[in-house]
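Derivation of every value follows stated rules applied to the coordinates shown; laboratory data play no part. It should be emphasised that the depicted structure is a prediction, and the values quoted were computed from it without experimental measurement. When we count neighbours, we look across all protein chains shown, and the Cβ atoms used for this are built from the backbone with ideal geometry, even at glycine.
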Ligand SMILES: [Zn+2]
C-alpha cells in the first residue's frame, strides 16, 4: 500500500490539524463498524486536503481482510485491491484517499501498538470505540514523524 501513496506530498500534509466530516458520513462509518462487531471493521476516507484541513467527501466501507479470522477482533487489513479501486474512483472525481477508519471493539479510540507499526505520514487515522456493539466515540489522529507518535486532531462534524 505504501507505494500507492507515493504521489502524495508529505510535507504539505504534515500540517493537518483537523478533519471535517458530515454527520451522515459519521453515521455511515458507525453503522459499518457496528455490523463488523465484535471484529474490527475498517474503511477508507476520501476527500481533499486544503491547507491544514482534511475534508472528507465520501466514506468507503471495506472488508476486514486480515488473513486470520480469529485475530480480527484486534487486527484489520484493508486489501490493497480495495485501496487501489477506491483511489482510482476518488481520482476520477478529483479527490484522493486521505485516510482510513477502523474500530476498537470495547477499547478506547486511541492508536494501538499495531496502529503505530502501520502508521503513514500524512494519513488521517480515525478510530471509533465500540461498547457492547454500539459506536461510542470517535477520534482522529495523524502520525507525527518527528515526534514519532500519533497526534490527536480535531474531528469536526459538519452539517
Ligand atoms: Zn487500531
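Okay, here's what the table says:
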{"item": "Inter-label distance, nm, simple model (7 Å from Cα along the C-beta direction), residue 151/residue 74", "result": "3.0"}
{"item": "FRET efficiency, residue 58 to residue 144 (Cβ-Cβ, R0 35 Å, nearest 0.05)", "result": "0.85"}
{"item": "Region 1-152, relative contact order in percent, only Cα pairs under 8 angstrom and at least six apart counted", "result": "22"}
{"item": "Relative contact order for region 73-139, counting Cα pairs under 8 Å that sit 6 or more residues apart, in percent", "result": "30"}
{"item": "Top of 79, 18, 140 by mean-square fluctuation, Gaussian network on the chain, Cα under 10 Å", "result": "79"}
{"item": "Helical mean residue ellipticity (222 nm; -39500 (n - 2.57) per DSSP H run of 4+; nearest 500) of the chain", "result": "-6500 deg cm²/dmol"}
{"item": "More than 14 angstrom apart: percent of Cα pairs within region 31-84", "result": "57"}
{"item": "Cα-projected label distance for residue 132 with residue 23, points at 7 Å along beta-carbon direction, nm", "result": "2.5"}
{"item": "Among 62, 53, 114, residue whose mean-square fluctuation peaks in a GNM of the chain (springs only between Cα atoms under 10 Å)", "result": "114"}
{"item": "Nearest-ten-degree value, helix 80-92 long axis tilted from longest Cα axis of the chain", "result": "40"}
{"item": "Listed residues 108, 61, 69, most fluctuating in the chain (Gaussian network, C-alpha, under 10 Å)", "result": "69"}
{"item": "Of all DSSP beta bridges in the chain, antiparallel share, percent nearest 5", "result": "65"}
{"item": "Relative contact order (percent, whole number), region 62-104, Cα cutoff 8 Å, 6+ residue spacing", "result": "30"}
{"item": "Computed Kirkwood radius, in angstrom, where 1/r is averaged over Cα pairs of the chain", "result": "15.5"}
{"item": "Rg(Cα)/(2.2 N^0.38 Å) for region 6-98, N = residue count", "result": "1.15"}
{"item": "Per-bin percent of Cα-Cα distances, region 104-159 [10 Å]", "result": "24, 49, 24, 3"}
